[in-house]
1. Under 7 Å between Cβ atoms, which residue pairs at least 6 apart in sequence (or on different chains) link something in region 7-22 that is modelled with pLDDT of 95 or more with a partner that is surrounded by fewer than 22 Cβ atoms within 10 Å (Cβ to Cβ) and among the charged types (D, E, K, R)?
2. Just one of the numbered conditions (1) open to solvent by 10 Å² or more (accessible area, probe 1.4 Å); (2) part of a loop (DSSP other than H, G, I, E, B); (3) farther than 22 Å from Tyr109 by Cβ is not true of Met45; which one?
3. Quick check on my filter: what residues within region 176-200 are free of Cβ contacts under 8 Å to residues at least 60 places away in the same chain and open to solvent by less than 10 Å² (accessible area, probe 1.4 Å)?
4. For residues that are over 21 Å from the mean Cα position of the chain (by Cα) and either farther than 21 Å from Thr195 by Cβ or small (Gly, Ala, Ser) (or both), tally how many sit in region 295-335.
5. Restricting the search to region 276-327, which residues are touching a helix residue (DSSP H, G or I) at 6+ places or on another chain (Cβ under 9 Å) and assigned to a helix (DSSP H, G or I)?
6. Tell me yes or no: at least one residue of region 177-193 is within 30 Å of Lys14 (Cα to Cα) and within 16 Å of the ligand (Cβ to nearest atom).
7. Find the residue count for region 114-146, including only residues that are among the β-branched types (Val, Ile, Thr), open to solvent by 60 Å² or more (accessible area, probe 1.4 Å) and part of a helix (DSSP H, G or I).
8. In region 232-254, is there at least one residue being among the polar types (S, T, N, Q), within 22 Å of Leu175 (Cα to Cα) and open to solvent by 60 Å² or more (accessible area, probe 1.4 Å)?
Amino acid sequence: MNSPVYPIVWQENKVRLIDQTCLPGKYAVVEISRAEDMARAIKTMIVRGAPAIGVAAAYGMYLGATEIETSDRQEFLRQLDRVAEMLRQTRPTAVNLFWAIARSLKTAYETLGTIADIRAALLTTAQNIQAEDLQTCQAIGDRGLTVLPSNPQKLTLLTHCNAGSLATAGYGTALGVIRSAWRENRLTRVFADETRPRLQGAKLTAWECVQEGIPVTVITDSMAAHCLKENKIDAIVVGADRIAANGDTANKIGTYSLAVVAKAHNVPFFVAAPLSTIDFELATGAEIPIEERDSEEIYQIGETRICPQGVEYYNPAFDVTPAELITAIITEKGAVKPEQLPQLTEQVAV
Ligand code: MRU
């Protein structure tokens, strides 16, 4: 097995990000030492995936703190609030981003002592969020094994987008479950939806599987229903960007239609996500903000324009899968039915 992929590495006072916009063609690393550059990296999806952008934003908070030139505590915190706001403006849907920024701000406000002490505490917070996410993903992977169907013994699993190492601190959520299944000899093959328009499945999930020797079949999104009808898929496992208190789940556009098709064919549909992805402040998925991205993502593939001039576009980056279509939500504390989520409330701490 190859060594795991870590999309975010803190090294020599810089954050090193794998540039996910270049994969799989080129493995490139971008060095970030300013909060503004981190915000741009999140917005342009150099770093992407809900837990990964949370980790990146926490480092962004630290980098921003190092750029503030004042010895006055109140002024420092005021400027740090502005850094937080800049990072919050990058992507609206994944709650991990807001969760990580809130945790960093709380650290800053609660750290007594000098500005240097606050900066040091912010770096520790970012490193803790990163280390915790890695452990969390490994736990999600292992918890997932307990709910995957036991028949057949070796499964073919379908996933959407990329909820792998690249989308987290490492290991992945949905792909973490798949990794654990592979490790335990419970997996025959993964089907990866290509995930239009940005192709995270075809590019990133496929790349991660190849790195690790996991057999992978890439299909276009429109082929999933046919594959389920042909009994090629034993279960579907996807990640999440934000889960409302009732279990409604926002994830990459196309997830909802997969869940509908899964229900129609009686195939279990699992969401794998850390507790930090659950937003107990939102009662239902109707309140989840859905990011809309540039129309160029639709009308252009690579350098080639595929649509005629004179048409309109609609490019929501996420959709919401209603809780009733979800078989179970797999968290680091165990797998629960969506309606059991409130029981996890006490375990979610900012
Ligand atoms: O737009 P992206 O690539 O950031 O969207 C990513 C997803 O939708 C993932 O499924 C989700 O963030 C879970 S990542 C563990």
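1. Val9/Arg16; Lys14/Glu31; Arg16/Glu31
2. Only one criterion in (1) open to solvent by 10 Å² or more (accessible area, probe 1.4 Å); (2) part of a loop (DSSP other than H, G, I, E, B); (3) farther than 22 Å from Tyr109 by Cβ is unmet by Met45, namely (1).
3. Across region 176-200, the qualifying residues are Ile178, Ser180, Ala181, Leu187, Val190, Ala192, Thr195.
4. Adding up the residues that qualify gives 8.
5. Ser276, Thr277, Gly285, Ala323, Glu324, Leu325
6. yes
7. Just the residues of region 114-146 that are among the β-branched types (Val, Ile, Thr), to begin with: 114-115, 118, 124-125, 129, 136, 140, 146.
Subset that is open to solvent by 60 Å² or more (accessible area, probe 1.4 Å): 114, 124, 146.
Now narrow it down to the ones that are part of a helix (DSSP H, G or I): 124.
Within region 114-146, residues that are among the β-branched types (Val, Ile, Thr), open to solvent by 60 Å² or more (accessible area, probe 1.4 Å) and part of a helix (DSSP H, G or I) number 1.
8. Of region 232-254, the ones among the polar types (S, T, N, Q) are 246, 249, 251.
This time we only want the ones that are within 22 Å of Leu175 (Cα to Cα), so: 249, 251.
Next, only the ones that are open to solvent by 60 Å² or more (accessible area, probe 1.4 Å) stay: none.
No, region 232-254 has no match at all.
The values are calculated or read from the model by the stated rules, or taken from the named source; none is laboratory data. These numbers were taken from a predicted model, which means no experiment stands behind them. In this analysis, Cβ positions are derived from the backbone assuming ideal geometry, glycine residues included, and neighbour counts consider all displayed protein chains. Remember, those area values only see protein heavy atoms, side chains included, never the ligands or the DNA or RNA. Shrake-Rupley method; radii C 1.70, N 1.55, O 1.52, S 1.80 Å.
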